[in-house]
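The values are calculated or read from the model by the stated rules, or taken from the named source; none is laboratory data. Predicted model, so just to flag it, every value in this text is computed and none were measured. Ideal geometry is used to build each Cβ from the backbone, glycine not excepted, and the neighbour counts take in all protein chains shown.
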Amino acid sequence: MKLDAQSLKQLIKESLTEFHMNTEGGDEEELQFDSDHEGFTDEPDYEGGMARNQLYTTCKDAHELIEMMKENTELPAWCQSKITLAADYITTVKNYLEGEAHLHEKKRR
């Protein structure tokens with residue numbers, strides 16, 4: 001998956017905006033996962049807060065990287081690899097959580 005700098009910048013801005021809306025008194029219900037990754041639970045799980053903080057930091061760092069680079073910036077292969085891995089890892093977790101939310105919704109019906 002290849003994103004140009006402008007698309008990535010827009011994606012990060014949208015993510016940061018959504019993050020701030022959800023952390024500043026948004027009325028969306030947050031879903032919690034159990035530690036075995038088998039589904040949702042009503043018990044508080046503070047790992048979500050840690051993950052959100054890490055994601056916020058990652059978004060800020062990614063935005064700064066975008067600002068440092070131009071469209072024609074050459075990066076060493078190891079840098080390209082790290083960016084690719086980070087994008088893949090984040091997407092994998094997002095897809096997992098979307099699937100869990102979908103399964104949770106089905107169980108509610």
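Exactly one residue among L65, L55, L31 is under 17 Å from the mean Cα position of the chain (by Cα), modelled with pLDDT under 65 and aliphatic (A, V, I, L, M), and that residue is L31. Residues in the stretch 66-87 that are within 23 Å of A51 (Cβ to Cβ) and either in contact with a Ser or Thr (Cβ under 6 Å, 6 or more places away or on another chain) or touching a residue at least 60 places away in the same chain (Cβ under 8 Å) (or both): I66, A87. Per the listing A77, A62, A101, A51, the residue uniquely among the small types (G, A, S), out of contact with any Lys or Arg (no Cβ under 6 Å at 6 or more places or on another chain) and farther than 22 Å from L11 by Cβ is A77.
Just to be sure, is K70 out of contact with any strand residue (DSSP E or B) (no Cβ under 7 Å at 6 or more places or on another chain), within 24 Å of A5 (Cα to Cα), loosely packed, with under 10 Cβ neighbours inside 10 Å and at pLDDT 90 or above? Yes: the conditions hold for K70.
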